[in-house]
Amino acid sequence: MKKLITLIVSAMAITSSFAEGIVIKKQGQFPVGGTTIQREGTFNPDTFVGWAEQDQAGQSYRCDHAFARYQIPANAKNMPLVFVHGYGGDGVCWETTPDDRPGFATLLLAEGYPTYVLDLPGRGHASRTSSTVTVEPVADEMFWFDIWRMGIWPEWNEGIQFPKDSLSVSNFFRQMVPDLSNHQLDVPALDAMAKKIGNQVLVTHSAGGFPGWMAAMRNPEVKGVVALEPGGYVFPDSEIPAPLPGLTGGLKGVGVPMEQFMELTKKPIVIYFGDYIPESNATTLGGSNWEVRLKMGREFVAAINRHGGDATLVLLPEIGIKGNSHFLMQELNNDVIAKLVAEWLDMKFQK
């Protein structure tokens, strides 16, 4: 008994003040989805070619899966959250912040929600891929600094919530990972996740937003979607809005059959956008890139609600939350935004 008490006290002691007393009932990790390549022939255990090269005859290669890390709190609420990252990264973006504060997944865990953080196929812990990809050291950080609305290097946007010290900036860019996927595997991975854990809400970011819509339409287990600055949208085939031009190539809606689109009207959806997004005539790459996505997001929400759905778009500056870049879930006020999300989740799923 004394040992058990010590373990409980130790577990509580390592929690931060935002979640004092949180107790993890269960945690772990697992691959989900994927395939196995089996080479023809017979494996010869006596053949040595090299550590990095193999005689593949008769050997297998498991690949193209996603990888999930999960935590389930004691007295968990009844709706797990599945976190889907965007381009250039993996699930780490949900787990921590560049300045080492609790990440978005941890903040929502503290609200009582089981959390499942994914690395999509070809990224992070799911890098075992069937794609043939050459990885090159492309110097691109100043470009992304602009695209993700942090500012125009080396100047930051005024009032930004991103931690600006040099260590945090270095930590942030070191979260980026090679992209070894052909991006045809993201939706099947989310399908497999739906079947694996059952009812869930998807929490998506950026390029993870579009596969999130697809998975929500395909899987009845997906009961709702929280999307942080999604990169693209679906519409009924007969209601696709006009393409929006922009400095980074603009944006087009993707048409789907009406029957498929109607699945989105059965599930509550909320979309959050941060700051520094012009309403029109953007002059920077980042401003233009997200101007068209915000505009198309409003069209998307209108289409869902027009067909009887429950969709909301929240532009954070309009409700007094200012200074957020594209990575709003990692910034200095991520606890405020997580609280907003938790209130929405409670309202929709904890009645």
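A few remarks follow.
- Percentage relative contact order, the stretch 240-313, counting C-alpha pairs under 8 Å, at least six apart: 38
- Farthest towards the positive end of the charge dipole of the chain, among the residues Pro243, Trp148, Ala76, is the Cα of Ala76, using unit charges on the Cβ of Lys, Arg, Asp and Glu.
- Estimated dipole of the chain in Debye, rounded to 20 [Cβ of Lys and Arg +1, of Asp and Glu -1, Cα centre]: 1300
- Gaussian network model of the chain, springs between alpha carbon atoms under 10 Å - residue of Pro278, Pro114, Pro45 with greatest fluctuation: Pro45
- At full extension, Ala242 and Val138 could sit 34.0 nm farther apart than now, given 0.36 nm per residue minus the alpha carbon distance.
- Relative contact order (%) - criterion: Cα under 8 Å, at least six apart; region: the stretch 278-339: 15
- Solvent exposure ordering (accessible area, 1.4 Å, most first) of Phe30, Phe43: Phe43, Phe30
- With DNA, RNA and ligands ignored, accessible area of Met79 (1.4 Å probe; Å², nearest 10): 20
- Spin-label model distance (nm) - Ser166 vs Ser60, 7 Å beyond Cα toward Cβ: 5.0
- Listed values for the stretch 306-312 are Karplus-derived 3J(HN,Hα) couplings in whole Hz (6.51 cos²θ - 1.76 cosθ + 1.60, θ = phi - 60°), namely 4, 9, x, x, 9, 10, 9, and x replaces Gly and Pro.
- Considering only the chain, percent of DSSP beta bridges that pair antiparallel, nearest 5: 45
- Highest GNM mean-square fluctuation among Val133, Val270, Val82, for the chain modelled with Cα contacts below 10 Å: Val133.
- Pairwise FRET efficiency - Phe30 versus Asn305, Cβ, R0 = 45 Å, nearest 0.05: 0.75
- Candidates Ala139, Ala227, Ala207: whichever shows maximal mean-square fluctuation once the chain is modelled as a Gaussian network with Cα springs under 10 Å: Ala139
- Estimated dipole of the stretch 272-351 in Debye, rounded to 20 [Cβ of Lys and Arg +1, of Asp and Glu -1, Cα centre]: 220
- The Rg/Rh ratio for the chain, using Cα coordinates for both the radius of gyration and the Kirkwood hydrodynamic radius, is 0.99.
- The base-10 log of I(q)/I(0) for the stretch 199-350, evaluated at q = 0.08, 0.12, 0.17 Å⁻¹, reads -0.21, -0.48, -0.97 [Debye formula, identical scatterers on Cα atoms, solvent excluded].
- Expressed as a whole percent, the accessible surface of the chain that belongs to carbon and sulfur atoms is 54, based on a 1.4 Å probe.
- Positive dipole terminus of the stretch 135-201, leading residue within Phe172, Ala189, Ala139 (C-beta point charges): Ala189
- Surface analysis of the chain yields an accessible area of 48 Å² per residue, using protein heavy atoms and a 1.4 Å probe.
- Which listed pairs, of Lys164/Lys295; Lys195/Lys348; Lys25/Lys267; Lys77/Lys348; Lys25/Lys348, have C-alpha distances above 19 Å, in listed order: Lys164/Lys295; Lys195/Lys348; Lys25/Lys267; Lys25/Lys348
- The stretch 208-351, relative contact order in percent, only Cα pairs under 8 angstrom and at least six apart counted: 23
- Virtual spin-label span in nm between Thr283 and Val23, 7 Å along Cα→Cβ: 5.9
- Most positive-pole-ward Cα, Ile37, Thr106, Met329, against dipole of the chain from beta carbon charges: Thr106
- Across the alpha-carbon atoms of the stretch 294-351, the computed radius of gyration and Dmax are 13.2, 37 angstrom.
- Against the criterion of solvent-accessible heavy-atom surface with a 1.4 angstrom probe, Arg149, Arg293, Arg39 sort, most first, into Arg39, Arg293, Arg149.
The values are calculated or read from the model by the stated rules, or taken from the named source; none is laboratory data. The shown structure was predicted, so the numbers you read here are calculated from the model rather than taken from an experiment. Note that each Cβ is placed from the backbone with ideal geometry, even for glycine, and that neighbours are counted across all protein chains shown. Surface accessibility is based on the protein's heavy atoms, side chains included, excluding ligands, DNA and RNA. Shrake-Rupley method; radii C 1.70, N 1.55, O 1.52, S 1.80 Å.
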